[in-house]
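Novice: Let me give you the structure first, and then I'll get to my questions.
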Amino acid sequence: MSILTERRVTSLVLLLVGMALLSQTFGQAYSGLGAFSPMFFPQIVLSFWVAVAALDLVAELRQRVVGTRPQLLRVTVIALASLVFLLAMTRIGFFLAAVPFSAVALVTLGLRRPVPVAAVSLGVPAALVALFNHLLTLPLPTSPVAWWF
Amino acid sequence: MIELLPQAAGLIFTLEGLLVLVLGTMLGIILGALPGIGSTVAVAMILPFTLGMSQAPAILLLLAVYAGSVYGGSISAILINTPGTPQSAATCLDGYPMAQRGEAGLALGWSTIASTIGGLTSAVVLLLAAPQLAALALNFGPIETFALILLGLTCIVSVSEGSLIKGLVAGSIGLFLGCVGGDPITGEARFTFGQFQLISGFNLLAVVIGVFALSEVLIRAAAKEEGTQSLVSFSGIVLPPLSAWRGRIKGLMKSVAIGNGIGILPGTGAATAAFISYAEAQRSSPNRAKFGKGEPDGLIASESANNAVTGGALVPTMALGIPGDAITAVMLATLTLHGVTPGIRLMTDNPVLIAAIFSGFFVINLMLLPMGMLVAKGAAPLLRLREGYMLVLIVLLCAVGVYFVRGNPFDLLVMGGAGILGFVLRRQGMPMPPLVIGMVLGPTLEISLRQGLIITDGSFAAFFTGHPIALVLAILAVGMLALPLITALRARRSGTA
């Protein structure tokens, strides 16, 4: 078994991030000392983080747990599609961002029948726009093309 | 107050009053069940509609939406692991595991009954002891609050079953996330790395929805199976039989007392109450070993406490004119808009109106049960969709919900980032509830600790010498931390004997 397992790498990264953040709390000019200092509480929290993350890394190095291999392609596509959708939603409007996201996500998740996929990809975002923009009058971001979607 | 009830009934049981109660409760449940809308947005949405109404129906409408939305948050928390409101985050811990093992209807049954009892009891407390409780709340300073939050944080231990160290790492990440943004005392920016969007910190609901719901979508996408099955099986609320309540009433009453008690403390809120109540239930329940795996005691603790907060929160609002949170601040504004000045004289100047509000609140909580059953019945066909369709719907609803909190595109990115972080940490075997508990309780813990140290001139020991309430709470917290260690030692001894 390789020494670099997913769990060990994650534990190491968590320890390093904690240490990097803790180092940020020193050497900066903040007003006040003791309880008045803005870094008083974060220093306690981050010291604790570093201590428990170090213990976690030691525990991971001592045990040989190999996690299940994820469906990497599927999870990467869904994660990327979600991020693109979240970024695009406020720029091109909820409906225009949600339709391609829904289609890509459904196909990636193994749903291949074109009619239901198309119906859900178009129908669900349209229903949400109708509910929020027109019924509840809580407007979702609209597209630059037309105010009603 | 009791002698005014007949006159109060005259204000409530009118056509306008009854319509307001029914529609308000139902709308509140629906809005609460939609992730991200939350009680504050729901109440603020309704506020303009109250302007044309008379005093009592206007305030009752807001109360109905408030109580309904707090309960409604549990529906999505149980069915799709997406808390509709932050106060329902603790409900996910046992509600969703129950749903996953095919008991979604029963989980909703427990939560509905617990919510109803929590709300009803808080209404009775309001009717009987509002002025006295308001005076008591004034004795609760930062040191007592610190000890209370410390007690709440100990539930990280109980929800980290399997790996305490991993739970503590997740808890410290949550505590750190709560530190990001402006310092609560000096206002200086912390850990913003030049990003102005971070000055106000990470949005709690964006992080909660990301680590619970979005990470669940990614975990399911990463699984080998194709998403063609239903996510959970659900056909409607199933009420637990009376016999199932045996041994649970004491815990329920304790959670209701915790919810009421925390509700009257300004600035703590229903999410804090739910986690503290969960921690206490985990300490004292005979079924503590099953917590986090779908134990009804856990569900009862969080749901009864967060609904009991609704009545408790009205105590300082009505009796002292001090709003405990954003929702009660909106209520305060409504009272003022309708020519009612909340404060010490409110009870003496408008006794019939106050009796109508408090007894109307009782009726609202009675309606949670039938209205909840009706709304859940309507949601049932949606949950029979294939998993793939549900996962896409969850992402869309999460995005809508987080967008509505502040209308800030940055919150959407935070949710996406939290989802990916949650996915990575869950693959590591790290439980997510400690992260959320840390983030919910962290800011109050920090401010109460620092205020306490400033009051005592930096002496931490003075926290417990002159403050008996804080001392009792601290002893309870130490007991909570020691309990798993003692249990493990006993188990080891009996194993070697």
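Rule-based calculations on the coordinates, nothing more; no lab input. Nothing here was measured: the structure is a model prediction, and the numbers come from that model. Please note: Cβ atoms are built from the backbone with ideal geometry, for glycine as well, and neighbour counts cover all protein chains shown.
Novice: With the contact rule set at Cα under 8 Å and sequence spacing of 6 or more, what percent relative contact order holds for chain B? Could the numbers behind the result be given before it?
Specialist: Numbers: 967 pairs, mean separation 141.5, N = 497.
Once divided by the residue count of chain B, the mean separation gives 28 percent.
Novice: Still on this structure: Measure nothing but the geometry: give the 0 to 90° angle between the long axis through the Cα atoms of A:6-24 and the longest principal axis through the Cα atoms of chain A, rounded to 10°.
Specialist: The two axes meet at around 70 degrees.
Novice: What ranking do B:V352, B:V256, B:V330 get, fewest neighbouring Cβ atoms within 10 angstrom at the top? Before the final figure, lay out the partial values.
Specialist: Working: B:V352 15, B:V256 28, B:V330 21.
Ordered by Cβ neighbours within 10 Å, fewest first: B:V352, B:V330, B:V256.
Novice: Per residue of B:400-407, how many C-beta atoms from partner chains lie within 10 Å of its own C-beta, taken as a mean?
Specialist: Average per residue, whole number: 4.
Novice: Moving on to the next point. Just rank B:S111, B:S74, fewest to most, by other beta-carbon atoms within 10 angstrom.
Specialist: Ranking B:S111, B:S74 by Cβ neighbours within 10 Å, fewest first, gives B:S111, B:S74.
Novice: Same structure again: Kindly state, to the nearest 0.05, the FRET efficiency for B:Q7 paired with B:T336, given R0 = 35 Å and r defined as their beta-carbon distance.
Specialist: E between B:Q7 and B:T336, to the nearest 0.05, is 0.90.
Novice: Per-residue mean of other chain beta-carbon atoms within 10 angstrom of the beta-carbon, peptide A:128-141?
Specialist: Counting Cβ atoms of other protein chains within 10 Å of each residue's Cβ and averaging gives 3.
Novice: Would you please report the Å³ per residue occupied by the convex hull of the alpha carbon atoms in chain B? It would help to have the intermediate numbers written out before the result.
Specialist: Details: hull volume 79.2 nm³, N = 497.
Per-residue hull volume (Cα only) is 159 Å³.
Novice: Sticking with this one: Which distance in Å, rounded to a whole number, links the C-alpha centroids of segment A:4-76 and segment B:396-410?
Specialist: Value for the Cα centre distance between the two parts: 28 Å.
Novice: Based on the mean of other beta carbon atoms within 10 Å per residue, what is the order of A:135-147, B:92-104, B:194-206, most packed first?
Specialist: B:92-104, B:194-206, A:135-147
Novice: Which whole-Hz couplings ³J(HN,Hα) result when phi for each residue of segment A:100-107 is put into the Karplus expression 6.51 cos²θ - 1.76 cosθ + 1.60, θ = phi - 60°, listed in order with x for Gly and Pro?
Specialist: Per residue, the Karplus-derived 3J(HN,Hα) values read x, 4, 4, 5, 4, 5, 5, 5 Hz.
Novice: Assigning unit charges at the beta carbon (Lys, Arg +1; Asp, Glu -1) and nothing else, what dipole magnitude in debye, to the nearest 20, does the protein assembly as shown show about its Cα centre?
Specialist: That gives the protein assembly as shown a dipole magnitude of about 1860 debye.
Novice: On to the next question. In nm, give the distance between the simple-model label positions of B:I475 and B:L385, each being 7 Å from the Cα along the Cα-to-Cβ direction.
Specialist: Distance between label points: 5.4 nm.
Novice: Name the long-range amide H neighbours of B:A189: under 5 Å, sequence gap of 5 or more, or other chain; modelled H, no Pro or chain starts.
Specialist: Sorted by chain and number, the residues that satisfy this are B:D183.
Novice: A follow-up question, please. Run the dipole for chain B about the Cα centre, Lys and Arg Cβ at +1, Asp and Glu Cβ at -1, nothing else charged, and hand back the magnitude in debye, nearest 20.
Specialist: That gives chain B a dipole magnitude of about 1280 debye.
Novice: Among A:V115, A:T10, A:F48, whose Cα projects farthest towards the positive end of the dipole of chain A, with charges put on the beta-carbon of Lys, Arg (+1) and Asp, Glu (-1)?
Specialist: Positive-end residue among those listed: A:V115.
Novice: Can you tell me the orientation of helix A:72-92 relative to chain A, as the angle in degrees between its alpha-carbon axis and the longest Cα principal axis, to the nearest 10?
Specialist: Taking the Cα atoms of chain A, the angle to A:72-92 is about 70 degrees.
Novice: Now for a different question. What number, in percent, do you get for the relative contact order of segment A:72-135 if the mean sequence gap of Cα pairs under 8 Å and at least 6 apart is divided by its residue count?
Specialist: 31
Novice: Still on this structure, I have one more. Would you mind putting B:298-310, B:404-416 in packing order, based on average other-beta-carbon counts within 10 Å, highest first? Could the numbers behind the result be given before it?
Specialist: Numbers: B:298-310: 34.4, B:404-416: 20.5.
Highest-to-lowest ranking by the protection proxy: B:298-310, B:404-416.
Novice: Given the rule -39500 (n - 2.57) for each run of at least 4 DSSP H residues, summed and divided by the residues of the protein assembly as shown, what is its mean residue ellipticity at 222 nm, to the nearest 500 deg cm²/dmol?
Specialist: Taken over the protein assembly as shown, the calculation gives -23500 deg cm²/dmol.
Novice: I've got another one for you. So the label point goes 7 Å from the Cα of B:R406 along Cα→C-beta, right? Which residues of segment B:182-213 then have their backbone N under 12 Å from it?
Specialist: B:182, B:196-207
Novice: Sorted by mean Cβ packing within 10 Å, highest first, what order do the peptides A:71-79, A:104-112 take?
Specialist: With the highest mean Cβ count within 10 Å placed first, the list reads A:104-112, A:71-79.
Novice: In addition: Summarise the partner chain shielding of A:80-90 as one whole number: the mean count of Cβ atoms from other chains within 10 Å of each residue's Cβ.
Specialist: Across the residues of A:80-90, the mean count of other-chain Cβ atoms within 10 Å is 6.
Novice: By its C-alpha gyration tensor, with a ≥ b ≥ c as the square roots of the eigenvalues, how is segment A:72-135 shaped: rounded for a/c under 1.5, else prolate for a/b larger than b/c, else oblate?
Specialist: It comes out oblate by the Cα gyration axes.
Novice: Compute and list, largest first, the equivalent-ellipsoid semi-axes of the protein assembly as shown from the alpha carbon gyration tensor, each √(5λ) rounded to a whole angstrom.
Specialist: On the way: eigenvalues 256, 210, 123 Å².
Those come to 36, 32, 25 Å.
Novice: With a 10 Å Cβ neighbour count serving as the proxy for reagent exposure, in which order, fewest first, do B:K293, B:K166 appear? It would help to have the intermediate numbers written out before the result.
Specialist: Values: B:K293 15, B:K166 24.
Lowest count first: B:K293, B:K166.
Novice: Go ahead and collect, in residue order, the members of segment B:1-34 whose backbone nitrogen is under 15 Å from a label point 7 Å along the Cα-Cβ direction of B:L128.
Specialist: So the set is B:1-3.
Novice: A follow-up question, please. With the cut-off at 1.5 for a/c, could you classify segment A:42-149 from its C-alpha gyration tensor as rounded, prolate or oblate? Before the final figure, lay out the partial values.
Specialist: On the way: a/c = 3.85, a/b = 1.80, b/c = 2.14.
Oblate.
Novice: Here's another thing I want to ask about it. Karplus couplings for segment A:118-131 from phi (6.51 cos²θ - 1.76 cosθ + 1.60, θ = phi - 60°), rounded to Hz, Gly and Pro as x?
Specialist: Once rounded to whole Hz, the list reads 5, 5, 5, 4, 8, x, 5, x, 5, 5, 5, 5, 4, 5.
Novice: A follow-up question, please. May I have the count of lysine pairs in the protein assembly as shown with C-alpha atoms under 24 Å apart, counting pairs 8 or more residues apart or located on different chains?
Specialist: Working: B:K166/B:K290; B:K166/B:K293; B:K224/B:K293; B:K250/B:K290; B:K250/B:K293; B:K254/B:K290; B:K254/B:K293.
Taking the protein assembly as shown as the scope, the lysine pair count is 7.
Novice: Let's test the formula: R0 of 25 Å, r as the Cβ-Cβ distance of A:L61 and A:M19. What FRET efficiency results, to the nearest 0.05?
Specialist: Numbers: r = 17 Å, r/R0 = 0.68.
Efficiency, rounded to the nearest 0.05: 0.90.
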